[in-house]
Amino acid sequence: MPSLRLQGCRSLHLNEDNGRFVLLAVLILVYLLCGAAVFSAIERPSELRAHRRWNGTLLNFSETFNISLQELNSFLREYEAAIAAGIRADALRPRWDFTGAFYFVGTVVSTIGFGMTTPVTIAGKVFLIFYGLLGCAATILFFNLFLERIITLLAVVMKAVRERRIRNSGLLPPGIRHDFSAYSLPGWKPSVYHVMLILGLSAITISCCASAMYSPVEGWAYLDSLYFCFVTFSTIGFGDFVSSQDAAYEYQSLYRVANFFFMLMGVCCIYSLFNVISIVIKQVLNWMLEKMSCLFCQRCNKANAFLGRRNAIRPGSRGRKGRFNHQPESDGPCDSDTEARRLSGEMISMKDLAASNKVSLAIMQKQLSESANGYPRTVCGSSRHNGFSGGVGALGIMNNRLAETSNSR
């Protein structure tokens, strides 16, 4: 079924997916411009002062020791090459022994890429290309599977808390009170905002605990340690701060194990948080598209004036249905829009959320609800016959797309 076009904007030929993509691209561009302006205003004066100090130091050294600036610059270039090879004035751990190489490949497959260790031989660079291709793909798959299990665990815990709260409130019918497991809250699904809050608090806790370890061991300020944790856990990996690089530490083995544990848990937690935040951003984009359509379209108050339902998740969908005097179809008492909204406390319709199985959050929430209730997934039932299984985030979207393509053939 082809997507509906924006009323009054048919010449643009933008369906909802394309409109959302263009709007997100524009917002990201604006975000980049604003970020560049802020960082330029903050960091540029410090850069200019550093240049002036260095030029003065270089000229003073040249005059004091009677060395030409050309010879001095040549020496500094050799020193920069030595730094790139891992040579420092202070003693550091070997870069390419087994433990150093293991640390390096960990930063490669996790896409952190600090840059403090890089291959310098042709064979090493060629091997890195193929090694990173497979390793990064496998690690992204691991992050997706980790996210799926974290969401499932959160669903079970949140559902148990919800059941206990309802049991203690005395709101259950008398016949269900003694056999609560049969009721099992079939219309309940966990709130995306609760999941986002829990993941955010987990990321903050891990970062604070890791910073408390890095500050005394590495000699960093606590704020610098927090900065390092975010840069590392988000896989940005600038390389200005890198942990576990000194030649020796007190309790070295214990520190390196703890360092590996914090990095693994931090990266997984931040990756999961980014996935959930991206769904909230998508909700905001859909809301903005709806407001824009109402602004530019003269007949936006009529039914079906907005975009097609494909991949649509928008806040306030219940209010629109009331305005159109259209009662949504219900798949049964377990999928009641009103009951799901009442039980989950969501800002958006949970029925709409679960129906949009191409959206990663819908996949997550349906998987969790089914895991908590104890019955199989039905997000994409036909996909198993085609060899495609469900997933979370980008993996789930891709699998569903592949399943649809296979079914159409």
Only one residue in Ile67, Ile112, Ile83, Ile122 is open to solvent by 90 Å² or more (accessible area, probe 1.4 Å) and either in contact with a His (Cβ under 8 Å, 6 or more places away or on another chain) or of a type in the set (A, V, I, L, M) (or both), so which one is that? Ile122
Among the listed residues Arg44, Arg88, identify the single one that is among the basic types (Lys, Arg) and in a helix (DSSP H, G or I). Arg44
Scanning region 248-273 for residues that are over 26 Å from Leu145 (Cβ atoms) and either open to solvent by less than 50 Å² (accessible area, probe 1.4 Å) or basic (Lys, Arg) (or both) gives Tyr249, Tyr255
Give me the pairs, please: first residue somewhere in region 188-205 and open to solvent by 20 Å² or more (accessible area, probe 1.4 Å), second residue anywhere and at pLDDT 90 or above, beta-carbon distance under 8 Å, and either six or more positions apart or on two chains. Met196/Leu273; Met196/Ile277; Ser202/Cys269
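Does Val276 satisfy the criteria of being in contact with a helix residue (DSSP H, G or I) (Cβ under 9 Å, 6 or more places away or on another chain), closer than 30 Å to Phe114 by Cβ, at pLDDT 90 or above and crowded, with 18+ Cβ neighbours inside 10 Å? Step through it out loud before you land on a result.
Details: in contact with a helix residue (DSSP H, G or I) (Cβ under 9 Å, 6 or more places away or on another chain): yes; closer than 30 Å to Phe114 by Cβ: yes; at pLDDT 90 or above: no; crowded, with 18+ Cβ neighbours inside 10 Å: yes.
Answer is no for this residue.
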Could you tell me whether any residue of region 91-103 is open to solvent by 70 Å² or more (accessible area, probe 1.4 Å), touching a residue at least 60 places away in the same chain (Cβ under 8 Å) and touching a strand residue (DSSP E or B) at 6+ places or on another chain (Cβ under 9 Å)? yes
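The values are calculated or read from the model by the stated rules, or taken from the named source; none is laboratory data. Just so we're clear, the structure is a prediction, and the values are computed from it rather than from any experiment. Virtual Cβ from ideal backbone geometry, glycine too; neighbours counted across all protein chains shown. To get the accessible areas, we keep the full protein, side chains included, count just its heavy atoms, and leave off ligands, DNA and RNA. Shrake-Rupley method; radii C 1.70, N 1.55, O 1.52, S 1.80 Å.
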